[in-house]
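Below is one structure; the comments refer to it alone.
None of the figures in this text is laboratory data; all of them are computed from the coordinates on show. Just so we're clear, the structure is a prediction, and the values are computed from it rather than from any experiment. We place every Cβ from the backbone using ideal geometry, glycine too, and count neighbours over all the protein chains shown.
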Amino acid sequence: MLHLALFLFFGAICVAGAVNLLVQRHPINSALSLVVVMASLAGEYLLLGAEFVAAIQVIVYAGAIMVLFIFTIMLLNAGEEERTKGSRVAILLGIPGVAIGAVLVAWTLLRHSQTASVPMFALPGVPRDIARLLFHDFLLPFEVTSILILIAIMGAVVLASRPDAVARPHHAEPAQQPREVPELVGPGKERG
Amino acid sequence: MIPLSCYLVLSGILFVSGVLGFLIKRNIITIFMSIELMLNGVNLSFVAFAAHWHMLGNVHALSGQIFVFFVMVVAAAEAAVGLAIIIAVYRTRETLNVDQVNLLKL
């Protein structure tokens, strides 16, 4: 009974955050609702006994990735999204289609997994068991992910840098800013 | 003891919210966050199935948590590259609305 109560508590917070992400118009509100969803999902992982997954959910997802999102929103000074013709069409077509898909998925899940049940703290999620798997059975995929992260870092640096900053060294100031590159920082900074 | 289907339905609700946000949102950053919501829903079903099979005595059931780890790594890489692309798009077009970003060329 305690398991069900805690599951419903975290699940209600989770669903409320997900709905709030859809309802809010400003991206920073959506980002904060996503943080709420991720934190309550960490609670669900703890209920299942997956302590390591809960920890990296909070550290990597709610910490690192969401900081990246919020940093980008603040850097680009993103405002409220405007309602357009495309969004009305998307709402009219998207909501019924997604509702049909959701009912199908829920019906299938409820019909075929009626007997299976999960106890509280079912998994031995301590880092020792995870580490044995990660560094023994899954060693090659683990090393490949490190290469993937390295390539992603280099790609992010190349993509997000200014087009003239790649070719020129950093300290050599250009005589005038190129016309086609808009300033990101807004009116506070004077143009060169 | 609660049914496994409770976790699966919660995971399905999260995934469907992500799909809906992907469809109805016009801001490119919010669309990106909807993708993260979908990944979170899938992660929950991975961990729930891992718990279920571990309880039934499957020795490989802990691998579900490893897959969650890999999904998180891919999500982190995707967020870094995707947000860099969003910054590049904003530099050239000065908009975040996906209705106005419909050409590959400038």
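Binned at 5 Å from 0, what are the whole-percent values of the Cα-Cα distance distribution for chain B, short to long?
For chain B, the pair-distance distribution reads 2, 12, 17, 17, 16, 11, 9, 7, 5, 3, 1, 0.
For the residues A:161, B:34, what sequence is obtained by ranking on other C-beta atoms within 10 Å, fewest first? Numbers along the way, then the final one.
On the way: A:161 13, B:34 24.
Result, fewest neighbours first: A:161, B:34.
Average partner chain C-beta neighbours within 10 Å, per residue of B:42-48?
Details: counts 0, 8, 8, 1, 2, 14, 9.
Whole-number average of other-chain Cβ neighbours for B:42-48 is 6.
Nothing charged except the Cβ atoms of Lys and Arg (+1) and of Asp and Glu (-1): what's the magnitude of the dipole of the protein assembly as shown about its Cα centre? Round to the nearest 20 debye. Each step should come with its number before you reach the end.
Details: 17 positive and 17 negative charges, 115 e Å.
Its charge dipole is roughly 560 debye.
Of all the Cα-Cα pairs you can form in the protein assembly as shown, what percent are over 34 Å apart? Working shown, then result.
Working: 12973 of 44253 pairs.
Everything past 34 Å amounts to 29 percent.
At a temperature of 25 °C and a viscosity of 0.890 mPa s, determine how fast region A:1-79 diffuses translationally according to Stokes-Einstein, using the Kirkwood radius over alpha-carbon pairs as Rh; express D in µm²/s, rounded to the nearest whole number. Let's see the in-between values first.
Details: Rh = 13.2 Å.
Calculated translational D: 186 µm²/s.
Evaluate the Kirkwood expression for the hydrodynamic radius of region A:123-163, namely the inverse of the mean inverse distance over all pairs of different C-alpha atoms, and round to one decimal in Å.
In region A:123-163 this quantity evaluates to 12.2 Å.
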